[in-house]
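> Quick one: this structure, given as structure tokens, is what I'll be asking you about.
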């Protein structure tokens, strides 16, 4: 691996959009958003009383399916989720910042001999189809988020029928295909690190020497909004990467949260969720990308210098 990639990794909810990406679903079905999330937040205790342990980060996926079965979100499917992505309102400077961070490296002749470049990724506990339907999809190399199945393949045990003939005919989300929580976000980071997201022959659990990994952690920048991203912040920061937290302008509660993160050593810097040119957030991200690019450049030059023998001279 050339290790000439800079990975900028983004959380989504409250990092790129002010709120939750599921908001268009509630508007479509005339459901109060706060009531839905209050129900979700109560599920852990309710199931606990039944002796059932649930994942608090992903139990909301089951509640969406429950609401579909109850007819509250009648007809909700993956195609609709992707369309809802078009309705999202992003913070200022999105998606321009994605292109800007790429251009400052790829359009700089200094870095071209070593093909240094920037890749963007989204790692979210939200819904993959909504992200894919949004404007950021055109700027990212990969997306890790939750996904639904509409027509599960039923078992052929005892029927003698083939699996392909037993698919549900319905066109609504009915099962969870993939779930990612705040802790398993770190798996996505290791997939980017090792390159298993691009090369099927590389398993994320494979032992790979640091010098052979596609994107070293020190070439990563992780941007998120708060305490729920502590596992990802910790992996990136403890391995030499850069971490940044954002908060909505004027939101004192959110400000206190990210301020505590920097006091606890979880993040390197924080700023308002405004990625417009010349804001603190914009300048910090831009400077970090250039700093990493310079380090990669210097390392490559040093490798060449050490590997080249001295030319013969006249005696």
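The values are calculated or read from the model by the stated rules, or taken from the named source; none is laboratory data. Just so you know, these numbers come straight off a predicted model, no measurement behind them. Note that each Cβ is placed from the backbone with ideal geometry, even for glycine, and that neighbours are counted across all protein chains shown.
> Only residues that are more than 23 Å from the chain's Cα centre (by Cα) and at positive phi: list them for segment 2-48, please.
30
> Within the group 2, 32, which residue is closer than 30 Å to residue 292 by Cα and surrounded by fewer than 19 Cβ atoms within 10 Å (Cβ to Cβ)?
Of 2, 32, the one residue that is closer than 30 Å to residue 292 by Cα and surrounded by fewer than 19 Cβ atoms within 10 Å (Cβ to Cβ) is 2.
> Conditions first: (1) at pLDDT 95 or above; (2) buried (at least 22 other Cβ atoms within 10 Å of the Cβ). Residue 283 passes all but one, so which condition is the exception?
Every listed condition holds for residue 283 apart from (2).
> Scan segment 19-29 and give yes if some residue there is surrounded by 15 or more Cβ atoms within 10 Å (Cβ to Cβ), out of contact with any helix residue (DSSP H, G or I) (no Cβ under 8 Å at 6 or more places or on another chain) and at pLDDT below 95, otherwise no.
So far as segment 19-29 goes, no, none of its residues is surrounded by 15 or more Cβ atoms within 10 Å (Cβ to Cβ), out of contact with any helix residue (DSSP H, G or I) (no Cβ under 8 Å at 6 or more places or on another chain) and at pLDDT below 95.
> Next question, about the same structure. In this structure, does residue 138 turn out to be assigned to a loop (DSSP other than H, G, I, E, B), surrounded by fewer than 18 Cβ atoms within 10 Å (Cβ to Cβ) and at pLDDT 95 or above?
no
> So is residue 51 modelled with pLDDT of 95 or more, on the phi > 0 side of the Ramachandran plot and either touching a strand residue (DSSP E or B) at 6+ places or on another chain (Cβ under 8 Å) or surrounded by fewer than 17 Cβ atoms within 10 Å (Cβ to Cβ) (or both) or not?
yes
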